[in-house]
Amino acid sequence: MAGFPRSIPFFTKSPIMLTIDNLHATVADKPILKGLSLTINAGEIHAIMGPNGAGKSTLGYTLGGRPGYEVTGGSVTFDGQDLLALEPHERAAAGLFLGFQYPVEIPGVSMVQFLRESLNAQRKGRGEEPLSGGAFLKLAREQAGLLKLDADMLKRPVNVGFSGGEKKRAEMVQMGILDPKLAILDETDSGLDIDALKVCGEGINAIMRRPDKAVLLITHYQRLLDYVKPDFVHVLAGGRIVRSGGADLALELEQQGYEGVLA
Amino acid sequence: MTALPTRHDEAWRYADFAALATVWPVAQQAIVVDAGESAAHTLVLTGAGTEVRDLAITLGEGAHLSLHVLNAARGYGRVAVRVALARGAQFHFGAAQVAGADHRVEIVTEVVHTAPDAISRQIVRQVMAGRATGNYLGRVVVDRGAVGTDGEQSIRAMLLDRGASANARPELEIYADDVKCAHGCAIGELDKDGLFYLASRGLPPAAAKALMLQAFLAEAFAGADDEERLTTAALAALEDLL
């Protein structure tokens, strides 16, 4: 089994992007995460796999700060900051992007307006100048093109009337526009046909596979990992990481199932 | 001088009588749209104190009127509209009420289809915060013989705080056969999943709420001649609440 870097020599400039230490979280008073620890360095792509009910989506929502997901123990440090002390919008401004398994429909609010306001709110939070309308549209068109999403869709209300595949591609377009440091992608592959899966996978690589960025892919299946090759694969079960390995662990899981690998 | 109405008077059941007394009696404003003509009116109430408007509208045969109202009075704001529609007339009413603090805003409509084939559409959207109250009392009357009537009322309210309230009472009085009258009414709060989704993209809570509420209110002003002016004024009123 491939080694997993748990510590970095203190004299190097730390490339650590995210440190989750002994995280405990509850949903409606029910413990879901029970001592989860994970370190992600800049430049790395990690995949978290696991059976239904393992706590995969809870991990994503807890890191994103969704109301109702209560942290009862442990710590999360993101890019040197205490992530858990930040409000959800502050986490976004700090460079965290959460890709939703079920992107929410917001009737009446156009995608363009929503994304421009979001991006400029993030820029404001970081003390940067807002992006002009023209510059924003150019950026939005580029990113939509990358994900092969018709740029006219960005004029439509957020996710309303989008097919499952369009919603997921639109999530990736949002990621491209917002340009985060760390993307947590919750089952981005669910609901995608083979072609859309390839487009999304290539989009993730184009946007996020850079030395100063990192990705945490939450997935049930190996198939997305054919396009986005992870550096590390972790198995989440019972609210904690029970096994870690390289890309080959995902293949092993695919062949033997969770029960086989965890036995 | 006309006596002040009382709470027993159905159209006044939620009124703020102390405020009303300061402006009573209220002069009625008549609007007549002649047969075959089209007209558009806009009413914006955003002042402090008490503002009460009373419109009596007569639409001739085939006449069209589109009436848009923003009631964001900071005190007591009331708009009463009585409309009589002749054969084939069309009345489009789009209204938004926005209030916070302990303000009270209300819209009372009586739309009377007096002859066949007239169309009425009412869309009312309310956003209430603090301890504010928003009321809509809307009666659609279809007179005997007014066959082919097509009437619709869509009433929705968003409550932003626990102390806020909204009263909505769409009412139908139908004395003719072969008519189409629909009404829908909902009172709720902002979708929490939507708010988290917007926050996860970097929008602070107030901005996320403003964006969703702006979209909600926009339904009332869609297609208005001065949609932009109404939207801007509604947004300014929303920003005061958030």
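The values are calculated or read from the model by the stated rules, or taken from the named source; none is laboratory data. Not measured: the values here are computed from a predicted model. Backbone-built Cβ (ideal geometry, glycine too); neighbour counts: all protein chains shown. Note: accessible area is taken over every heavy atom of the protein model, side chains too, but ligands, DNA and RNA are not part of it. Shrake-Rupley method; radii C 1.70, N 1.55, O 1.52, S 1.80 Å.
Restricting attention to the range A:59-109, and to residues there that are facing chain B (nearest Cβ under 10 Å) and among the β-branched types (Val, Ile, Thr), which single residue is nearest to A:Val235 (Cα to Cα)?
Among those residues, the one meeting the criterion is A:Val104.
Just to be sure before I move on: is A:Leu146 open to solvent by 10 Å² or more (accessible area, probe 1.4 Å), at pLDDT 95 or above and away from every other protein chain (no Cβ under 14 Å) in the structure I sent?
no
Conditions tested, residue by residue: (1) among the basic types (Lys, Arg); (2) under 21 Å from B:His68 (Cβ atoms); (3) at the interface with chain A (Cβ under 8 Å from one of its Cβ atoms).
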residue: B:Leu190; (1), (2), (3): no, no, no
residue: B:Arg201; (1), (2), (3): yes, no, yes
residue: B:Pro204; (1), (2), (3): no, no, yes
residue: B:Ala215; (1), (2), (3): no, yes, yes
residue: B:Glu227; (1), (2), (3): no, yes, no
residue: B:Ala233; (1), (2), (3): no, yes, no
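Restricting the range A:132-159 to residues that are in contact with a helix residue (DSSP H, G or I) (Cβ under 9 Å, 6 or more places away or on another chain) and assigned to a loop (DSSP other than H, G, I, E, B), which is nearest to A:Tyr102 (Cα to Cα)?
So, considering only residues that are in contact with a helix residue (DSSP H, G or I) (Cβ under 9 Å, 6 or more places away or on another chain) and assigned to a loop (DSSP other than H, G, I, E, B), the one nearest to A:Tyr102 (Cα to Cα) is A:Asn159.
Could you figure out which of (1) free of Cβ contacts under 8 Å to residues at least 60 places away in the same chain; (2) open to solvent by 50 Å² or more (accessible area, probe 1.4 Å); (3) of a type outside the set (Asp, Glu); (4) within 14 Å of chain B (Cβ to nearest Cβ) isn't true of A:Phe162?
The number of the failed condition is (2).
From (1) more than 14 Å from chain B (Cβ to nearest Cβ); (2) surrounded by 15 or more Cβ atoms within 10 Å (Cβ to Cβ); (3) not polar (S, T, N, Q), pick out the condition that doesn't hold for A:Ile184.
With respect to (1) more than 14 Å from chain B (Cβ to nearest Cβ); (2) surrounded by 15 or more Cβ atoms within 10 Å (Cβ to Cβ); (3) not polar (S, T, N, Q), A:Ile184 is out only on (1).
Considering only residues that are farther than 26 Å from B:Glu10 by Cβ and in contact (Cβ under 8 Å) with a residue 12 or more places away in the chain, look in the range B:147-162 and name the one that is most open to solvent (accessible area, probe 1.4 Å).
The residue in question is B:Asp161.
Conditions tested, residue by residue: (1) open to solvent by 30 Å² or more (accessible area, probe 1.4 Å); (2) touching a helix residue (DSSP H, G or I) at 6+ places or on another chain (Cβ under 6 Å); (3) modelled with pLDDT under 95; (4) among the acidic types (Asp, Glu).
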site: B:Gly94; (1), (2), (3), (4): no, yes, no, no
site: B:Ala99; (1), (2), (3), (4): no, no, no, no
site: B:Val111; (1), (2), (3), (4): no, no, no, no
site: B:Thr114; (1), (2), (3), (4): yes, no, no, no
site: B:Ser120; (1), (2), (3), (4): no, no, no, no
site: B:Ala129; (1), (2), (3), (4): no, yes, no, no
site: B:Thr133; (1), (2), (3), (4): no, no, no, no
site: B:Val141; (1), (2), (3), (4): no, no, no, no
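Between B:Val147, B:Val179, which is of a type in the set (A, V, I, L, M), in contact with a Pro (Cβ under 6 Å, 6 or more places away or on another chain), away from chain A (no Cβ under 14 Å) and farther than 24 Å from B:Ala237 by Cβ?
It is B:Val147.
Please work out if A:Ser110 is in contact with a strand residue (DSSP E or B) (Cβ under 9 Å, 6 or more places away or on another chain) and among the hydroxyl-bearing types (Ser, Thr, Tyr).
yes
Would a scan of the range B:63-81 turn up a residue that is out of contact with any Ser or Thr (no Cβ under 7 Å at 6 or more places or on another chain), assigned to a strand (DSSP E or B) and surrounded by fewer than 16 Cβ atoms within 10 Å (Cβ to Cβ)?
no
Any chance the range A:113-127 includes a residue that's touching a strand residue (DSSP E or B) at 6+ places or on another chain (Cβ under 7 Å) and in a helix (DSSP H, G or I)?
Yes, the range A:113-127 has at least one match.
If A:Gly134 satisfies all but one of (1) surrounded by fewer than 21 Cβ atoms within 10 Å (Cβ to Cβ); (2) farther than 16 Å from A:Met172 by Cβ; (3) within 14 Å of chain B (Cβ to nearest Cβ), what's the number of the condition it fails?
For A:Gly134, the exception is condition (3).
Filter the range A:111-125 for residues that are more than 8 Å from every other protein chain (Cβ to nearest Cβ) and touching a helix residue (DSSP H, G or I) at 6+ places or on another chain (Cβ under 6 Å); which is surrounded by the most Cβ atoms within 10 Å (Cβ to Cβ)?
A:Met111
So, in the range B:174-223, exactly how many residues are open to solvent by 10 Å² or more (accessible area, probe 1.4 Å) and either of a type in the set (Lys, Arg) or closer than 30 Å to B:Pro116 by Cα (or both)?
18
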